[in-house]
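I have placed the structure first, in the form of structure tokens, so that the comments after it can refer back to it.
The values are calculated or read from the model by the stated rules, or taken from the named source; none is laboratory data. Note that the coordinates shown come from a computational prediction; the quantities given were computed from them, not determined experimentally. FYI the Cβ positions are ideal-geometry reconstructions off the backbone, even for glycines, and counts take in every protein chain you see. What goes into the accessible areas is simple: the full protein's heavy atoms, side chains included, and nothing from ligands, DNA or RNA. Shrake-Rupley method; radii C 1.70, N 1.55, O 1.52, S 1.80 Å.
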Protein chains: 2
Amino acid sequence: MPADRGRPPAPPTISEVAAEAGVGRATAARTLGGYGYVSPELKERVLAAAEKLGYRANALARSMSTGVSHTLGVVVADIGNPFFAGMVRGICDASRARGFDTIVLSTYEDLDEEIAATGVLIDKRVDGVIIASAAVGRDEVTHIRTALKQGVPVVLVDRAVGSLDLDTVVIDNRDVAREAVETLIAAGHRRIGFVWGPPVAQAPATRRALLAAAARNVWTDGERLRGYLDALDDAGVPFDPELVMVGPKTEEHATEEVGRMLALPHRATALFCTETDAMTGALRAMRARKLSYPGDLSLIGFDDSAWAAVMDPPLTMIEQPVRRLGAKAAEVLLDSLEGAEPRRETHTLQARLVVRSSVAPPPAR
Amino acid sequence: MPADRGRPPAPPTISEVAAEAGVGRATAARTLGGYGYVSPELKERVLAAAEKLGYRANALARSMSTGVSHTLGVVVADIGNPFFAGMVRGICDASRARGFDTIVLSTYEDLDEEIAATGVLIDKRVDGVIIASAAVGRDEVTHIRTALKQGVPVVLVDRAVGSLDLDTVVIDNRDVAREAVETLIAAGHRRIGFVWGPPVAQAPATRRALLAAAARNVWTDGERLRGYLDALDDAGVPFDPELVMVGPKTEEHATEEVGRMLALPHRATALFCTETDAMTGALRAMRARKLSYPGDLSLIGFDDSAWAAVMDPPLTMIEQPVRRLGAKAAEVLLDSLEGAEPRRETHTLQARLVVRSSVAPPPAR
DNA sequence: CTGTTAGCGCTTTCAG
DNA sequence: CTGAAAGCGCTAACAG
């Protein structure tokens, strides 16, 4: 009567190893856990027994008694998005190097999902949490405050949250955005479209209203908008609300909005696209009108990729240090787990404008 | 003497809730855990007490006694790669919908990393594991056998492993590859380059040697090569080892290899690229030689994206149902966790050839 | 229907 | 230096 295919044999416990080695449970635990003193001979016997039985520590049980799970929680908008995927890779690599695994949850920009995700992570007793939060107002961060209150350190990544004084790792969105727009202005453009604005139904008529709308949405978008405005102001280029995209943030809608900007009596001659899909949407709108770049329209976009480099002509793009962004966040968190006083400061990483060939002077009238 | 900023107060336990409600621990556990019978009145009191104390169950402790962690483990080559990121998103969404979270580990195609990752997951007592394995030979799957032996169900995703009789979810790589190459042949091509072959140093001289080399590497690559060969055979187009790329699988090397194929006395007139970077590498090689598609060279590649659609002309690409791939794997695994007899079968999802404008007849001599 | 009791597997005092 | 014993927070028999 061989193999009883039913319940596989329960994995060996530390007690069994101790028994096999003929020592006390504590002694086995000490050698296997690598703490406390054990005489070489006993240690040897325990190790042999463990080896023989194929012993592997039950991480759950260990976490139960130590209160440490060696697991980090990560909350992002969408793990399927290449930007977050790259960032998560940075987080995983950095934490893995220090003995931590990660459990990542996507929220799809839904605050309730974010709250639920944070709760799940706390329940699973992660040692710390890294969040790219969709929260903006003071009243939208109670889940983060709760985590903190329960002793779970949190570091913010990619998106700062004004009302929270926490370690935060972001990219200098505003500065690169300004640099990009300055590049466009330097080439002679004064009608520069901003593609991927706040998802409001109606275009805010004033800068103030626009900024207010942006303040209620994703932090990075607002910063990029500010950088755009900074460059305009510095150069004395008038701001025109008709040149900023509003509405749903989808490739399709970007195509429509760019179409609109291209149909304006005094049309856009350059576009600053703040997201990959904004750029591809813009490209579609151009194709539909048989317009080409940089002749008819100059282009600069966010998030460089291999594709942008092989476009014809190659696209001038902003490259974000995605991996480092994640790695830095993990390191800051891990440092604070290892006792370093949390500095509660903002770490800003620099993005880089990769100049290629999608910018030229505006077409002569 | 206000807030003692040191140790935050330990979160309330079920015993405290029970005490607060003036009932036994078990009663509190039953209502909070949602099992067994509890009278409405007591239930009410427990709920109130839990609410008041801000009670949240400790998932670790729960897992300890139930032996179920409601966590799935995922092992992929690289979470930062858009293909795997999309697949992981499918896995996460599907498992989240059924109450499971996931912890994902990247191996970077290193078998030792894969073995270590699997071990970590088992130690953390995940309820099941989904692996896109780099293993090929019988002797490379002992870690998977070990998991199975310990009662941890495993499903294979994206890559089948011949020596393992397990539930497997893959895409019909061979069929679409054949379809793509047939499309090229139908347009009149007979000199079709295969970009991204097995990473061997020297080009295998014979088909047999080539296939053998492929069999020792990533499963999907081998399948795509077979599809390529299938199409050639069906059409009676002779196989030429000079038309298959060998060496490291990097964009740079793809550029070199395509350059070589383009310099052949009887040069390639079409390319079948089995990976995104193979395509961008090919595009770079073409640019360097001022060649354009589809006039000088026809192109078909794997892994469609928004970029491929906005290239000029738009690229004919193979679209893989990445999310569904992951979702299906999660479902199969979850089903078996819920007791369904594992079917140990292979589920094949269909990829789709998205015909655009990168294929034309070969240039006249 | 409810409370008591005994673990899950490991760490951690605390004597010896 | 080693072993016995208590306990982490929860579930699960088992009486009552």
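Comparing the full protein assembly with the isolated chain (1.4 Å probe, heavy atoms, ligands and nucleic acids excluded), the residues of the range B:140-170 losing at least 20 square angstrom of accessible area are B:149, B:150.
Dividing the alpha-carbon radius of gyration of chain B by the rule-of-thumb value 2.2 N^0.38 Å gives 1.29. Only protein atoms count toward the accessible area here, which uses a 1.4 Å probe; on chain A, the carbon and sulfur part of that area reaches 51 percent. When +1 charges are put on Lys and Arg Cβ atoms and -1 charges on Asp and Glu Cβ atoms, the dipole computed for chain B relative to its Cα centre reaches about 300 debye. Helix-only arithmetic for chain B: the sum of -39500 (n - 2.57) across DSSP H runs with n ≥ 4, divided by the residue total, places the mean residue ellipticity at 222 nm at -13500 deg cm²/dmol. Grab the other residues whose beta carbon is less than 14 angstrom from that of residue A:44, score K and R as +1, D and E as -1, and report the net. The answer is +1. For chain B, the solvent-accessible area with a 1.4 angstrom probe is 44 square angstrom per residue. Distance in nm between label sites at residue A:41 and residue B:172, each 7 Å beyond Cα in the beta-carbon direction? With each label placed 7 Å out from Cα toward Cβ, I get 6.9 nm. Relative to the longest principal Cα axis of chain B, at what angle does helix B:276-288 sit, 0 to 90 degrees, rounded to 10? Result, in degrees: 40. Bridges between two residues of the protein assembly as shown, per DSSP, are antiparallel at a rate of about 10%. The ellipsoid that matches the Cα gyration tensor of the range B:173-321 has semi-axes, each √(5λ) in whole angstrom, of 21, 17, 16, with the longest given first. In whole angstrom, note down how far apart the Cα centers of the range A:231-269 and the range B:53-73 are. First find each Cα centre; the distance between them is then 51 Å. Ligands, DNA and RNA excluded, the heavy atoms of residue A:142 present near 80 Å² of accessible surface to a 1.4 Å solvent probe. Taking Rh as the Kirkwood radius computed over C-alpha pairs, what is the Stokes-Einstein D of the range A:2-64 at 25 °C in a medium of viscosity 0.890 mPa s, expressed in µm² per second? The calculation lands on 199 µm²/s.
As a ratio to 2.2 N^0.38 Å, the alpha-carbon radius of gyration computed for the range B:281-348 takes the value 1.79. In sequence order, the range B:46-57 has phi-based couplings of 4, 4, 4, 4, 4, 4, 4, 7, x, 5, 9, 5 Hz under the Karplus curve 6.51 cos²θ - 1.76 cosθ + 1.60, θ = phi - 60°, and Gly or Pro positions carry x. Near residue B:120, once Lys and Arg are set to +1 and Asp and Glu to -1 for all other residues with Cβ below 14 Å from its Cβ, the sum equals +1. The GluC sites (Glu not before Pro) of the range A:255-350 that meet both conditions, a loop assignment by DSSP and at most 13 other Cβ atoms within 10 Å of the site Cβ, are A:338, A:345.
Only Lys, Arg, Asp and Glu carry charge here, each on its Cβ (+1 for the first two, -1 for the last two); on that basis the protein assembly as shown has a dipole of about 80 debye about its Cα centre. Once you have a ≥ b ≥ c as the square roots of the Cα gyration tensor eigenvalues for the range B:93-189, tell me rounded if a/c is under 1.5, and otherwise prolate or oblate according to whether a/b is larger than b/c. Judged from the Cα gyration tensor, the range B:93-189 comes out prolate (a/c at least 1.5, a/b above b/c). Of all DSSP bridge pairs formed entirely within chain A, close to 10 percent run antiparallel. A Cβ-based charge dipole, computed about the Cα centre of the range A:2-64 with Lys and Arg at +1 and Asp and Glu at -1, lands at about 200 debye. Rounded, prolate or oblate: which fits the protein assembly as shown when a ≥ b ≥ c are the square roots of the eigenvalues of the alpha-carbon gyration tensor, with rounded for a/c under 1.5 and prolate only if a/b beats b/c? It is oblate, given that a/c is not under 1.5 and a/b is not larger than b/c. Axis of helix A:82-97 versus longest Cα principal axis of chain A: the two differ by about 30°, to the nearest ten degrees. The HN-Hα couplings worked out from phi for the range A:70-76 by the Karplus form 6.51 cos²θ - 1.76 cosθ + 1.60 (θ = phi - 60°) are 6, 9, 10, x, 10, 10, 10 Hz, whole numbers, x standing for Gly and Pro. Among B:179, B:251, B:44, the residue with the largest mean-square fluctuation in a Gaussian network model of chain B, with springs joining Cα atoms closer than 10 Å, is B:44. Here the spin labels are modelled as points 7 Å beyond Cα on the Cα-Cβ line, and at residue B:215 and residue A:64 they lie 4.8 nm apart.
Result for chain A in a Gaussian network model with C-alpha springs under 10 Å: among A:96, A:190, A:207, the largest mean-square fluctuation is at A:207. Averaging 1/r over each pair of different alpha-carbon atoms in the range B:166-209 and inverting the result gives 13.1 Å, the Kirkwood hydrodynamic radius. Inter-copy label distances at residue B:138, shortest first and taken from points set 7 Å along Cα to Cβ: 7.0 nm.
Between A:326, A:188, A:222, the GNM of chain A built on Cα springs shorter than 10 angstrom shows A:188 fluctuating the most.
Principal-axis analysis of the Cα atoms of chain A puts helix A:251-263 at an angle of about 20° to the longest axis. Position residue A:207: other-copy label points at 6.9 nm, ordered by increasing distance, label point 7 Å along Cα→C-beta. Please state the shape class of the range B:17-126: rounded when a/c is under 1.5, otherwise prolate if a/b exceeds b/c and oblate if not, all from the C-alpha gyration tensor. Here the range B:17-126 falls in the prolate category. Chains A and B together bury some 5100 Å² of accessible area, summed over both sides, with a 1.4 Å probe.
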